[in-house]
Amino acid sequence: MTATPPDAPVIETRDLRKEFVVRVRAGRFRRAKRVVGAVDGIDLTVRRGEMVGYIGPNGAGKSTTLKMLTGVLSPSSGRVRVCGLAPVAQRTRLALRIGVVFGQRSQLWWDLPLRDSFDLLRHVYRVPAAEHAARLRRCRAELDLDGFLDVPVRQLSLGQRMRGELTAALLHGPEVLFLDEPTIGLDVVSRQAVRGFLAELGAAGDTTLVLTTHDLADIERLCRRLVVIDHGRVVHDGSIEALHTRYGSRRQVVADLDEPLAEPPVLPGAPLLRTEADGRRLVFACESATASDVVAGLARVAALRDIAIVEPDIEEVVARLYRTPTPVDSGAVQECSITSTAKVPGASAS
Amino acid sequence: MAEWTYRLRRGPAYLALLRGQARSQASYRTSFVVDLVSNVGATVLDVLTVLVLFRVTRELGGFDRTEAMVMVGLSSAAFAAADLMVGNVESLRQYVRTGLLDAVLVRPLGALPQLLLMDLPLRKASRAVFGAGVLVVALATAELAWTPGRVALAVLTPLAGVVFFGAIFVATASLSFWWIDSGEVGAAFTYGGRDFTTYPMTVYSGWFRALFAYGMGFGFVSYYPALALLGRADPLGLPGWVGWVAPGVALPAAGLAAAVWRFGVRHYRSTGS
């Protein structure tokens, strides 16, 4: 196995695409063939030790990208290298160097205690016993596994199982860890345990982390870099701050008044977003005006009881990002040809 | 590192998968025993069907009971062993439909061996033992004129048969990479093939016999080897050496099945999320 030079990208894709042919009903016996571009030309470079949040609305192509990076799906076109390897052609070699947690697809033996799964995985990944024991010891302490190591996986709670999955993905000391929605469905405590663990793992600096999530708190806590995709394309790649700047997400000033005003005040550079509590609470957005401009402007027209300044919310930014119209030619569905193919019962188009 | 040493080093990993499967099944001890017993049933029925036929007729397609039983033995020994080792590849359909194959593909092992070992139906072991038993009894009662060549043939043929049936299992299961509802189509060739090889080929006729026996090769794993073992000429007119071609049919079939499998894996689409 060739070691990648330290400064070489761990993940590199160029114009990566994945198209699916789906058949949709077009009359009683007719099926229309459509080509759907799930991933539509993604360029991505990730260097060693980075923690990348990969987000996008449902169906944006997140999981499809992850599956092409891990060798599960063959790309339709484009170039992809992970740890210097071609994921599909060199799938088994790559598998020794990456860890994967697909929330819905367990790596654990359903009927066996966690401890047995971990032991079997040591053989599957050919990990020297001492290394394996050291990593397991660390995971046991940090993920608090001791209480359920001897319970069959089928009897574990989702939170316990997810901690088990994380351990299973790390026991061979992967260079890259791919996580597909690692906190989905977890309660607050498990979610924090998983997040805290991943944060420490990332802070150590030698594991590259790529995670998809719908929970933006995961991203804020874990990832300095955020890649947002929509309709199979990258619409943002950079820090969270850069996202706020680029999409003009704004601080808000929330002002509580003694008495409602007869006329809503007009402040230059700070539009009124909404009025609450029968006009006693006003919410302004700081566009070109600063928060102090807003406060000063308000104080001239009303008696202020309280002032709060609210930092921009990443949820809101991302929601706006998803709604931003994409260029016309990136429409995900392209009608290619309509053929009247024989009806195939149950041929699912997933 | 040379490719073969790389592959060789995976041996212990596959053993671990087998161990995991054995331990998992042992966690349901009672049902395992019940399965073990009830699984002999299917093969017993195959044999009984043939024996019952000979209650109403003295000959079947020109062969008497002991001769037909050699074909039954070759067929059931090969099929039951292949079913034990490879038959479970049928579960591929479930893996593809649910996207569970993702979890298989992210491991550092071949997808097919993993699939076979992770779900190896150990309860079918009883059936394989019974199938081999049928062959031994059939060979013993047929009062063959044993020569070293015939001994070799009697060993080689069932082994080739296992490879051949295994290839059919893999090739038909691979259909589900493209077509998830392919289950019954696959069964037509796997179980249909077994049924075809159970009886002397002379009971079939026309295009059906030509397709299954020669087109797909089912004729070469039990009927023709049985003729060679019994020292009988082929009523259908093929020369005697055809009885020896089972390995020559089985190996290309295995190669073809492997190619279809590999092609199928590349076409795996997974599921949403």
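Among the numbered criteria (1) more than 14 Å from chain A (Cβ to nearest Cβ); (2) surrounded by 19 or more Cβ atoms within 10 Å (Cβ to Cβ), which single criterion is violated by B:L48?
Condition (2) is where B:L48 drops out.
When B:G87 is evaluated against the numbered criteria (1) surrounded by 15 or more Cβ atoms within 10 Å (Cβ to Cβ); (2) more than 8 Å from chain A (Cβ to nearest Cβ); (3) farther than 30 Å from B:M201 by Cβ; (4) not hydrophobic (A, V, I, L, M, F, W, C), which criterion, by number, is the only one it fails?
Every listed condition holds for B:G87 apart from (3).
Suppose we filter A:R140, A:R126, A:R161 for residues that are more than 26 Å from the chain's Cα centre (by Cα), modelled with pLDDT under 95 and not assigned by TED's automatic domain parsing to the domain that holds A:T208; which single one remains?
Of the residues listed, the single one that is more than 26 Å from the chain's Cα centre (by Cα), modelled with pLDDT under 95 and not assigned by TED's automatic domain parsing to the domain that holds A:T208 is A:R126.
List the number of the failed condition for B:V155; all other conditions in (1) farther than 18 Å from B:V245 by Cβ; (2) assigned to a helix (DSSP H, G or I); (3) hydrophobic (A, V, I, L, M, F, W, C) hold.
Just one mismatch for B:V155, condition (1).
Is it true that some residue in region A:106-117 is under 18 Å from the mean Cα position of the chain (by Cα), more than 7 Å from every other protein chain (Cβ to nearest Cβ) and touching a residue at least 24 places away in the same chain (Cβ under 8 Å)?
No.
What residue, of B:G264, B:G248, is within 14 Å of another protein chain (Cβ to nearest Cβ), assigned to a helix (DSSP H, G or I) and either open to solvent by 30 Å² or more (accessible area, probe 1.4 Å) or at pLDDT 90 or above (or both)?
Just a single option satisfies the conditions, and that option is B:G264.
Looking only at region A:53-75, decide whether some residue is more than 27 Å from A:L216 (Cα to Cα) and of a type in the set (V, I, T).
No, because not a single residue in region A:53-75 is more than 27 Å from A:L216 (Cα to Cα) and of a type in the set (V, I, T).
On the given criteria, is B:G99 within 14 Å of another protein chain (Cβ to nearest Cβ), within 19 Å of A:L120 (Cβ to Cβ), out of contact with any Pro (no Cβ under 8 Å at 6 or more places or on another chain) and not hydrophobic (A, V, I, L, M, F, W, C)?
For B:G99, the condition - within 14 Å of another protein chain (Cβ to nearest Cβ), within 19 Å of A:L120 (Cβ to Cβ), out of contact with any Pro (no Cβ under 8 Å at 6 or more places or on another chain) and not hydrophobic (A, V, I, L, M, F, W, C) - is not met.
How many of the residues in region A:53-78 are hydrophobic (A, V, I, L, M, F, W, C), under 11 Å from the mean Cα position of the chain (by Cα) and modelled with pLDDT of 90 or more?
Result for region A:53-78: 1.
When the residues of region A:124-170 are narrowed to those that are more than 14 Å from chain B (Cβ to nearest Cβ) and among the basic types (K, R), which ends up surrounded by the most Cβ atoms within 10 Å (Cβ to Cβ)?
Checked region A:124-170; the qualifying residue surrounded by the most Cβ atoms within 10 Å (Cβ to Cβ) is A:R163.
Mind listing whichever residues of region B:214-239 are in a helix (DSSP H, G or I), over 23 Å from B:A171 (Cα atoms) and open to solvent by 10 Å² or more (accessible area, probe 1.4 Å)?
B:A228, B:L230
Tell me whether region B:196-213 contains one or more residues that are of a type in the set (F, W, Y), open to solvent by less than 10 Å² (accessible area, probe 1.4 Å) and either within 14 Å of chain A (Cβ to nearest Cβ) or in a helix (DSSP H, G or I) (or both).
Yes.
Which numbered condition trips up B:S27, out of (1) within 14 Å of chain A (Cβ to nearest Cβ); (2) modelled with pLDDT under 90; (3) open to solvent by less than 40 Å² (accessible area, probe 1.4 Å); (4) touching a strand residue (DSSP E or B) at 6+ places or on another chain (Cβ under 8 Å)?
Exception for B:S27: condition (3).
I'm told A:K62 meets every condition in (1) surrounded by fewer than 22 Cβ atoms within 10 Å (Cβ to Cβ); (2) in contact (Cβ under 8 Å) with a residue 40 or more places away in the chain; (3) at the interface with chain B (Cβ under 9 Å from one of its Cβ atoms) except one. Can you identify the failing condition by its number?
Result: A:K62 passes all but (1).
Spot the failing condition for B:R269; the list is (1) within 14 Å of chain A (Cβ to nearest Cβ); (2) exposed (fewer than 13 other Cβ atoms within 10 Å of the Cβ), and only one is missed.
For B:R269, the failing item is (2).
Are any of the residues in region A:251-270 open to solvent by 40 Å² or more (accessible area, probe 1.4 Å) and in contact with a Phe, Trp or Tyr (Cβ under 8 Å, 6 or more places away or on another chain)?
No, because not a single residue in region A:251-270 is open to solvent by 40 Å² or more (accessible area, probe 1.4 Å) and in contact with a Phe, Trp or Tyr (Cβ under 8 Å, 6 or more places away or on another chain).
Take A:L201 and tell me if it is assigned to a helix (DSSP H, G or I) and either in contact with a strand residue (DSSP E or B) (Cβ under 9 Å, 6 or more places away or on another chain) or within 29 Å of A:V36 (Cβ to Cβ) (or both).
Against the criterion (assigned to a helix (DSSP H, G or I) and either in contact with a strand residue (DSSP E or B) (Cβ under 9 Å, 6 or more places away or on another chain) or within 29 Å of A:V36 (Cβ to Cβ) (or both)), A:L201 qualifies.
Results for (1) open to solvent by 20 Å² or more (accessible area, probe 1.4 Å); (2) in a helix (DSSP H, G or I), shown as yes or no for each residue.
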residue: A:I184; (1), (2): yes, no
residue: A:R195; (1), (2): yes, yes
residue: A:D206; (1), (2): yes, no
residue: A:L209; (1), (2): no, no
residue: A:A217; (1), (2): yes, yes
residue: A:E220; (1), (2): yes, yes
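Could you list, in sequence order, all residues of region A:202-240 that are at pLDDT below 90 and under 17 Å from A:R48 (Cβ atoms)?
A:G202, A:A203, A:A204, A:G205, A:D206, A:L222, A:C223, A:R224
Restricting to region A:5-19, what's the tally of residues that are open to solvent by 30 Å² or more (accessible area, probe 1.4 Å) and at negative phi?
The qualifying residues number 8.
The values are calculated or read from the model by the stated rules, or taken from the named source; none is laboratory data. Values in this document were obtained by computation on a predicted structure and should not be read as measured data. Positions of Cβ are backbone-derived with ideal geometry, glycine not excepted, and every protein chain shown enters the neighbour counts. Surface areas here come from the heavy atoms of the whole protein model, side chains and all, with no ligands, DNA or RNA. Shrake-Rupley method; radii C 1.70, N 1.55, O 1.52, S 1.80 Å.
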